[in-house]
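The values are calculated or read from the model by the stated rules, or taken from the named source; none is laboratory data. Here the structure is a predicted model, which is why all the values come from computation and not from measurement. Every residue, glycine as well, gets a Cβ built from its backbone with ideal geometry; the counts of neighbours run over all protein chains shown. In case anyone asks, the SASA skips ligands and DNA or RNA and just uses the protein heavy atoms, side chains included. Shrake-Rupley method; radii C 1.70, N 1.55, O 1.52, S 1.80 Å.
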Amino acid sequence: MLVALTGTPGTGKSTAAELLRRRGREVVELSDIVRSGRVSTALDEERDSLEVDTDELDEVVRQEYGRGTILVGHLSHFLSVDLIIVLRCRPSVLAERLRARGWSDVKIRENVEAEGCDVILVEAVESGAAVAEIDATGRSAEQVADAIEEVLAGEREKYAAGNVDWSDEVMGWF
């Protein structure tokens, strides 16, 4: 089974993935593939972000990585995977995390809005792959990694897509 570990930047993907790697899981950070130059990219100057050719990325992944690999990155749900695990984080907490990383107000707002509106979750569900959703907000990295392990072991009901709801916070934006 090829697994995508995705979520809005700042939800804890890389931290949890490192713990999974230490537990013996095969984990690949998609950003490492992108930085290696094996896929086409273009700078979107207006959004100050790097656009990645996900079709090329998918081809590299299919050629180089086997079943059991966990693909980590906020684009991983666009790849040919069997299971997508979406990490979620309450938008107000996510804003604090991104601010602590030194992100610009514009990029923080863009990502907080995406999280509040379930953008990655919706994209994941639309892919047709199996989807699990984990609220990482109040969990330690160990607890998030444990939840991912539960999903990998077959627990789907507890982490069913649609269980995380930020509408209470989002409605406060208006």
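Got at least one residue in the stretch 36-55 being in a helix (DSSP H, G or I), open to solvent by less than 10 Å² (accessible area, probe 1.4 Å) and touching a residue at least 24 places away in the same chain (Cβ under 8 Å)?
no
Taking strands (runs of 3 or more DSSP E) that fall entirely within the stretch 60-174, which contain at least 3 residues that are touching a residue at least 60 places away in the same chain (Cβ under 8 Å)?
By residue number, 69-72, 83-88.
Among the residues in the stretch 9-19, are any touching a residue at least 40 places away in the same chain (Cβ under 8 Å) and over 25 Å from Glu96 (Cα atoms)?
The answer is no, given that none of the residues of the stretch 9-19 is touching a residue at least 40 places away in the same chain (Cβ under 8 Å) and over 25 Å from Glu96 (Cα atoms).
Looking at (1) at pLDDT below 95; (2) open to solvent by less than 90 Å² (accessible area, probe 1.4 Å), can you tell me which one Met171 breaks?
Of everything listed in (1) at pLDDT below 95; (2) open to solvent by less than 90 Å² (accessible area, probe 1.4 Å), Met171 misses just condition (2).
For the stretch 150-164, what are the residues that are more than 15 Å from Val125 (Cα to Cα) and open to solvent by less than 40 Å² (accessible area, probe 1.4 Å)?
Val151, Leu152
Can you confirm whether the stretch 74-88 contains a residue that is in contact with a helix residue (DSSP H, G or I) (Cβ under 9 Å, 6 or more places away or on another chain) and of a type in the set (D, E, K, R)?
yes
Name the residue, out of Ala130, Ala147, that is open to solvent by less than 10 Å² (accessible area, probe 1.4 Å), in contact with an Asp or Glu (Cβ under 9 Å, 6 or more places away or on another chain), more than 11 Å from Thr8 (Cβ to Cβ) and at pLDDT 95 or above.
None of the others qualify; the one that does is Ala147.
Among (1) open to solvent by 40 Å² or more (accessible area, probe 1.4 Å); (2) modelled with pLDDT of 95 or more, there is one condition Leu83 misses while meeting the rest; what is its number?
(1)
Would you confirm whether or not the stretch 10-29 contains a residue that is part of a strand (DSSP E or B) and open to solvent by 80 Å² or more (accessible area, probe 1.4 Å)?
Yes; the residues of the stretch 10-29 include at least one that is part of a strand (DSSP E or B) and open to solvent by 80 Å² or more (accessible area, probe 1.4 Å).
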